[in-house]
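What follows is a set of notes on a single structure, which appears directly below.
The values are calculated or read from the model by the stated rules, or taken from the named source; none is laboratory data. These numbers come from a predicted model, not from an experiment. Protein only, heavy atoms only, side chains kept; ligands, DNA and RNA dropped before computing areas. Shrake-Rupley method; radii C 1.70, N 1.55, O 1.52, S 1.80 Å.
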Amino acid sequence: NGDGTYTASYTPPAAGTDAIAITLDTGGPGGAAAVAIGGSPYSSVVGPGALDHFTVETQGGGAIGTQTAGTPFNIRVTARDSEGNLVTSFSGGANRVTIDEVGGETIVTTDPTDAFLHGVLSAHAVPINSTATSPYQLRATRDGGTEEGLSNVFTLIPGAASATNSLATPPPSSAAGVQKTILIQARDGNNNDRISTSGT
């Protein structure tokens, strides 16, 4: 309409600060090189979007490794938007998640965790008492909401052998001088079979 106005839009995928460079092609097609418009590049602050999901990792970040049944270990949970940016506004008060196991195995507590701080729950102890040792996967669900996140699938191995839970099958009565066989099944404190037990 003769006013020389042009409107453009873009969707920034990452939170942080954008530097938006705008140039003017003064020569037209095949003409002189483009020239930066005065004040370009422009600085634009981009905040994270709304909470979309959580990441569930080992305490220091990354995949959860092999764990021992009955032995607590720490995880880190972070709040993320749909682009994976950290949602720092998910902090304090009722901003919590509940941790459970995807397959319904037993975790000592499924009560809401401590509150997040600027989108991060830096350490949460997860004690797993399980009778099914592998595979295992944790889930974090927003308390009072539907947003959730899954950990990687990891291996859970039995704990130390327990004399209380281990079983022995005594042999039937027999005459003196006849060899007898006793069957012993080693189990840990959660009644998981210790399939790794060998030797004397």
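General remarks:
- Accessible-area value, D114, 1.4 Å probe, nucleic acids and ligands omitted, Å²: 100 Å²
- Heavy-atom accessible area order for I75, I184, largest first, 1.4 Å probe: I184, I75
- Euclidean distance between Cα centres, segment 171-189 to segment 33-64, Å: 66 Å
- Computed over segment 42-123, the P(r) tail beyond 18 angstrom holds 48 percent of alpha carbon pairs.
- Taking a quarter of the surface of the Cα convex hull of segment 1-96 gives a mean projected area of 12.1 nm².
- Note on T71 and L117: the extension gain reaches 14.0 nm, defined as 0.36 nm multiplied by sequence separation minus the Cα-Cα distance.
- Ranked from largest to smallest solvent-accessible area, with a 1.4 Å probe on the protein heavy atoms, Y10, Y42 come out as Y10, Y42.
- Solvent exposure, largest accessible area first (probe 1.4 Å, DNA, RNA and ligands not counted), of E83, E101, E57: E83, E57, E101
- Interchain or long-range residues, amide H under 5 Å from T68's placed H: I157
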